[in-house]
Amino acid sequence: MSTDIEIAHSVTPQPIQEIAQKAGINPEELELYGKDKAKIPLSFLNPDKQKEGKLVLVAAITPTPSGEGKTTASIGLTDGLNRIGKQAIVALREPSLGPVFGMKGGAAGGGYSQVIPMVDINLHFTGDFNAVEKANNL
């Protein structure tokens with residue numbers, strides 16, 4: 001069995017603009033951070049633009065000894081729903097500093113149910129989390 005990092009390095013990420021388009025997000029609305037990350041403006045959350053949908057919350061589960069927990073379950077569920085023809089999107093929270101200091105898992109899932117690029121996720125995507133942390137510590 002391949003390790004998580006070997007699996008992550010074995011695939012080529014899809015351009016974020018293609019992923020956004022599949023989700024019905026106009027690529028011009030994206031604030032790009034390279035080819036595989038982007039933010040969408042808060043105005044995208046306008047209730048007039050939202051379709052009727054369902055929310056599934058995956059919370060407070062204890063990970064297995066191998067590390068499968070909320071993130072892996074959330075990604076697997078989303079992949080499964082998309083596979084059966086539903087339009088599903090997963091929203092994951094940004095990890096704490098635990099992964100950086102080796103104190104906990106990487107909050108990127110595991111095995112074949114993970115988010116890439118794992119390293120960027122563990123180092124806080126675009127720096128927002130670190131900015132909030134530093135402002136709080138001031």
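The values are calculated or read from the model by the stated rules, or taken from the named source; none is laboratory data. Keep in mind it's a predicted model, so treat the numbers as computed, not measured. Neighbour counts run over all protein chains shown; Cβ positions are idealised from the backbone, glycine included. The area values use the complete protein model at the heavy-atom level, side chains included, leaving out ligands, DNA and RNA. Shrake-Rupley method; radii C 1.70, N 1.55, O 1.52, S 1.80 Å.
List of remarks:
- In this view, the solvent-accessible surface of Glu31, computed with a 1.4 Å probe and all protein chains in place, comes to about 100 Å².
- Extent along principal axes [Cα atoms of region 1-82; Å; largest to smallest]: 43, 29, 20
- The label-point distance for Met1 and Leu42, in a model that sets each label 7 Å from Cα toward Cβ, rounds to 4.3 nm.
- Contact order for region 1-76, expressed relative to its length and based on alpha carbon pairs under 8 Å spaced 6+ residues apart, stands at 16 percent.
- Net charge contributed by nearby residues that have their C-beta within less than 11 Å of Pro117 (K/R +1, D/E -1): 0
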